[in-house]
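**Student:** Quick one: the structure is below, and I'll ask about it shortly.
The values are calculated or read from the model by the stated rules, or taken from the named source; none is laboratory data. Every value quoted in this text rests on a predicted model; they were computed, and no experiment measured them. Cβ coordinates were reconstructed from backbone atoms using ideal geometry, including for glycine residues, and neighbour counts include every protein chain displayed. Surface areas here come from the heavy atoms of the whole protein model, side chains and all, with no ligands, DNA or RNA. Shrake-Rupley method; radii C 1.70, N 1.55, O 1.52, S 1.80 Å.
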Amino acid sequence: MLTQQIALVTGANRGLGKETAHQLAQKGFTVILTSRSEAGKEVAEAFRNLRLDVVFHQLDVADGQSIAEAADFVASEYGHLDVLINNAGIHYDTFQNTLDADMSIVEEALRVNTLGPWRLSKALLPMLRKSAGGRIVNVSSSSGSFKDSWPGTPAYSMSKAALNMLTVKMAADLKDTNILINSVGPGWTRTAMGGDKAPRSVEEGAASILWAALLPEGGPSGGFFRDGEVVSW
């Protein structure tokens, strides 16, 4: 019987990913803290110094080989996965609009923010199926909501809207399993991307993500939430 709960968090060397890893570890999870850069190694070490069970694994969600290696690592070291937090994100492009957009930026945002979570979820699905109740959390944004989005940030907004559709489609494909998948908009938080004028703390944003990660059996799947409340698509 599987007893230890395992979580993997992408983009966890700073901001929401780091705090999400912290809160999961405080809940007793073994957390695989991943980031594209080696900076995550020092973050994981700092958490271990706090007697939290956090290990580092380098992962670039835009690189198929890196994703395959991460999946192999989870399989060989743990044999299952309980929670996947697709947090890694890039290009909050306030400096452009659809008319003057640099398409290389748009394409990179889609690779990281949409295709990355899709590829990683597929690669880790065999490990999530071995969990008593696998959970996938796609960290999205109100910028990806057709109702609540705003002018500008075309690359980021379109990539998050597509991530939301991935959530809906994958939830339908997993409806006969014990895996729940949801999008979470953590709100405007004080991170490197959100800036210091954001009204929400990183702890508040991460708590919203944790809500979806810790859903009980029979909880919602295929939804869009903030603070446990439904957000309009």
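**Student:** Heavy atoms only, 1.4 Å probe, whole protein assembly: order His57, His80 by accessible area, highest first.
**Tutor:** Heavy-atom accessible area, descending, gives His57, His80.
**Student:** Going by accessible area, probe 1.4 Å, with all protein chains left in place, what is the ranking of Thr94, Thr3, Thr34, largest first?
**Tutor:** Descending order: Thr3, Thr94, Thr34.
**Student:** Which of the three applies to region 28-94, rounded, prolate or oblate, going by the alpha-carbon gyration tensor with a ≥ b ≥ c and a/c under 1.5 meaning rounded?
**Tutor:** oblate
**Student:** In percent, how large is the relative contact order of the chain, given Cα pairs closer than 8 Å and 6 or more residues apart?
**Tutor:** 19 percent.
**Student:** Moving on to the next point. Between 0 and 90 degrees, rounded to the nearest ten: what's the tilt of helix 154-173 against the longest Cα principal axis of the chain?
**Tutor:** That works out to roughly 40 degrees.
**Student:** In percent, what relative contact order does region 114-233 have, based on Cα pairs under 8 Å that are 6 or more apart in sequence?
**Tutor:** 28 percent
**Student:** Let me ask another. Compute, for Lys41, the solvent-accessible surface of its heavy atoms (probe 1.4 Å) with the complete set of protein chains present, and express it in square angstrom to the nearest 10.
**Tutor:** Probe radius 1.4 Å; accessible area of Lys41 about 110 Å².
**Student:** Could you pull the accessible area for Glu229 with a 1.4 Å probe, rounded to 10 Å²?
**Tutor:** Glu229 has an accessible surface of roughly 120 Å² with all protein chains in place.
**Student:** Just to check I understand the Karplus step: with θ = phi - 60° and J = 6.51 cos²θ - 1.76 cosθ + 1.60, what whole-Hz values come out for region 75-92, glycine and proline as x?
**Tutor:** 5, 6, 8, 10, x, 7, 9, 9, 9, 10, 10, 7, 9, 3, x, 8, 6, 7
**Student:** Which value, in Å², gives the accessible area per residue of the chain when a 1.4 Å probe is used on the protein heavy atoms?
**Tutor:** That works out to 47 Å² for each residue.
**Student:** Ignoring ligands, DNA and RNA, what percent of the accessible area of region 98-152 is carbon or sulfur (1.4 Å)?
**Tutor:** 60 percent
**Student:** Can you list residues whose amide H is under 5 Å from Ile136's amide H, if they're 5+ apart or on another chain and H is modeled 1.01 Å from N?
**Tutor:** Leu84, Leu180, Ile181, Asn182
**Student:** Cβ neighbours within 10 Å, averaged per peptide: list 139-146, 68-75, 118-125 in order, most packed at the top.
**Tutor:** 139-146, 118-125, 68-75
**Student:** Give me the accessible area of Thr98, 1.4 Å probe, in Å² rounded to the nearest 10.
**Tutor:** The value for Thr98 is about 100 Å².
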